[in-house]
1. Please work out the C-alpha center-to-center distance from segment 185-209 to segment 12-37 and express it in whole Å.
2. With charges only on Cβ, +1 for K and R and -1 for D and E, what is the dipole size of segment 195-236 about its Cα centre, in debye, rounded to 20?
3. With label points built 7 Å along Cα→Cβ from the Cα atoms of residue 20 and residue 233, find their separation and express it in nm.
4. Residue 172: net charge of surrounding residues, Cβ under 14 Å, Lys/Arg +1, Asp/Glu -1, itself excluded?
5. What FRET efficiency, computed as 1/(1 + (r/R0)^6) with R0 = 45 Å and r the Cβ-Cβ distance, is obtained for residue 89 and residue 3, rounded to the nearest 0.05?
6. Return the distance in nm (one decimal) between the two label points of a simple spin-label model at residue 248 and residue 178, each offset 7 Å from Cα along Cα→Cβ.
7. Quick check: from the Cα gyration tensor, does segment 39-186 come out rounded (a/c under 1.5), prolate or oblate?
8. About the Cα centre of the chain, what is the dipole size in debye to 20, counting +1 per Lys and Arg Cβ and -1 per Asp and Glu Cβ, all else neutral?
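The numbers here are math on the coordinates, done by the rules we state, and not lab data. Not measured: the values here are computed from a predicted model. All Cβ positions, even for glycine, are placed from backbone atoms using ideal geometry, and neighbour counts span all protein chains on display.
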Amino acid sequence: MRLSTVVLDGLEFPEGLRWHDDALWLSDMRSRRVLSVDATGRSTLRAYLPAMPAGIGWLPDGTLLVTSMLDQLIVAIRDGWRLPYRSLADVAIGQVNDMLVDAHGRAYVGSIGLDLLYEPLDGTGSPMQPVPLALVQPDGSVEVAADGLMCPNGMAISRDGATFFIAESAARKLTTYSIGTDGVLSGRSTIAEFEQMPDGLCIDAEDMLWVALLTEERFVRVSPDGEIVDEISCPGRIAVDCVLGGADGRTLYGAVTYTPGTAFGATGELLGAIEAWTVSVPGPGW
């Protein structure tokens, strides 16, 4: 088993991992903070979102965007100010969640399909609904990129910009689409199915995906045809999200949190952390 290094602990529910400007960025959802972490492990508060941050991305001009879960917004952070960017209330079902901002400044945003504050995930509440994947165009217009997804979550785009990968957490599968010139997705296909929920994911320089398998306590590397070719175990911790970064792109940062049965920190304990492992294939761009 690969040994991990703890990069940052004392978190409440880390999510939305990104590598940007030689630093690791993340949302700590329950503490309402967006943080960056430098090579020395020093963290910096980048934003505070009262309605819970989740997905993170950047516009081509460098503006930081963050999804604000409880009020179904994308928020822009400019000069330390938190400003509304776009409302997704007409598209989202339940809380908004993860987000991918592409090189054109288009933002893809998923929603959960139920209200996590009032509808439990244990099967006793309302069933999770299929939801659209929202697409915010650079001109600010909001449309549907694809429809009928079951809790669309972690997302990535292939190196050639032609293929869109997304984890459907509630359907327990990885789905791909072709990306149109307008950013709309088509040609839906399933490339992998799992016994448990896939959550966040990232892509490497070989177009393979590292996927966090939420309650399986592991991260798996999945080929474009759905084969698991590598895995990293994190016994006793839920695997939430991951990203490749570091000086040579070969550090896999994983958001891990809690133990099975205390999802979303129901006990209030500070058990979230970012751990790191060395892998052989870097992320894109290295």
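1. Comparing the Cα centres of segment 185-209 and segment 12-37, I get a distance of 22 Å.
2. On the way: 2 positive and 11 negative charges, 31 e Å.
For segment 195-236, the charge dipole is close to 140 debye.
3. Here the modelled spin labels are 3.5 nm apart.
4. On the way: positive: 173; negative: 168, 193, 195, 199, 216.
Spelling it out: positives minus negatives among the neighbours equals -4.
5. Working: r = 45 Å, r/R0 = 1.00.
Calculated value: 0.50.
6. According to this spin-label approximation, the distance is 3.9 nm.
7. The shape class here is oblate.
8. Details: 19 positive and 38 negative charges, 102 e Å.
So the magnitude is around 480 debye.
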